[in-house]
2 protein chains.
Amino acid sequence: MEETRLSMYQSYKEMLTSYIKSKSEHALYSAQQFSKEMMEKDMSPEEMVSLHLSVFKEIVDELPEEVIASFDLLLEVMIGYGLAHQEHLSLRDRQR
Amino acid sequence: MEETRLSMYQSYKEMLTSYIKSKSEHALYSAQQFSKEMMEKDMSPEEMVSLHLSVFKEIVDELPEEVIASFDLLLEVMIGYGLAHQEHLSLRDRQR
């Protein structure tokens with residue numbers, strides 16, 4: 001699982017770096033593929049937002065403090081979505 | 001539904017403004033309650049991230065361009081989660 005996270009981190013980092021630089025349609029298309037991959041790997045929406053923040057922090061030096069604070073709050077809300085996602089997965093697995 | 005969105009927007013705006021200003025534990029606690037309310041109203045994780053961005057744009061004058069670009073990409077990924085959430089809701093409703 002750790003390897004998966006690392007590889008998703010790397011892919012997303014390339015995508016976000018490229019998108020911030022060029023705003024290309026291609027990066028948006030890659031994001032759609034990435035989204036499917038995240039779901040195939042059962043990663044929750046909370047993990048996605050958390051991954052986004054980690055990558056964004058690494059790419060941009062000294063993010064404004066209010067940006068980081070805003071993500072703290074968003075992540076707190078997303079925890080609920082993460083739990084709901086877990087319930088959904090276990091329900092799905094029980095039905096298989 | 002429009003009224004619901006407006007009231008969620010207002011609540012989140014108060015919460016985010018307060019958290020950015022004071023980083024209080026209380027705002028984080030409110031975020032947990034807010035999360036439950038979002039889910040009771042069947043709002044998807046994509047709608048949550050989109051709500052966050054709208055509120056954040058309103059609170060902070062002239063957000064750095066890279067912050068807005070980064071959200072474009074995050075939202076593109078979240079669309080997949082929004083669709084999955086819709087499927088989950090219709091599955092749940094069919095089972096009732």
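No value in this document is a laboratory result; all are computed from the given coordinates. What you see is a predicted model; the values in this text were computed from it and never measured. Every residue, glycine as well, gets a Cβ built from its backbone with ideal geometry; the counts of neighbours run over all protein chains shown.
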Q. Hey, got the dipole for the protein assembly as shown? About the Cα centre, +1 on K and R Cβ, -1 on D and E Cβ, debye to the nearest 20?
A. 660
Q: Could you work out, residue by residue across B:75-86, how many beta carbons of other chains sit within 10 Å of that residue's beta carbon, and then give the average as an integer?
A: 6
Q) All other residues with a Cβ under 14 Å from the Cβ of A:GLU47 taken together, and with Lys, Arg as +1 and Asp, Glu as -1, what is their net charge? A) -3
Q.
Give me the one-decimal nm value for the distance between modelled label points at A:GLU3 and A:SER18, 7 Å along each residue's Cα-to-Cβ direction.
A. 2.4
Q. Dipole of the protein assembly as shown (Lys/Arg Cβ +1, Asp/Glu Cβ -1, origin at the Cα centre): which of B:ILE79, A:GLN95, B:SER18 lies farthest to the positive side?
A. A:GLN95
Q.
Suppose the chain between A:ASP42 and A:GLU58 were pulled fully straight at 0.36 nm per residue; how much longer would it get relative to their current alpha carbon spacing?
A. 3.3 nm
(Q) If you fit an axis through the alpha-carbon atoms of helix B:2-22 and take the longest principal axis of the Cα set of chain B, what angle between them do you get, 0 to 90°, nearest 10? (A) 40
Q) Among chain A residues, which Cβ is nearest the axis of the A-onto-B rotation, and at how many Å? A) A:PRO45, 2
Q. Nm distances between the label at B:ASP61 and the same-position labels in the remaining copies, 7 Å along Cα→Cβ, shortest first?
A. 2.7
(Q) I want to check the label-to-label distance for A:ASP72 and A:TYR29. Put each point 7 Å from Cα in the C-beta direction and report it in nm to one decimal. (A) 4.1
Q: Would you mind listing the distances between the B:ARG5 label point and the same position in each other copy? Use 7 Å along Cα-to-C-beta, nm, one decimal, shortest first.
A: 3.5
Q) Between A:SER22 and the same site in the other copies, what are the distances in nm, shortest first, taking label points 7 Å from Cα along the C-beta direction? A) 4.7
**Q.** Lysine pair number, Cα distance threshold 21 Å (strictly under), chain B, separation 8 or more or different chains
**A.** 8
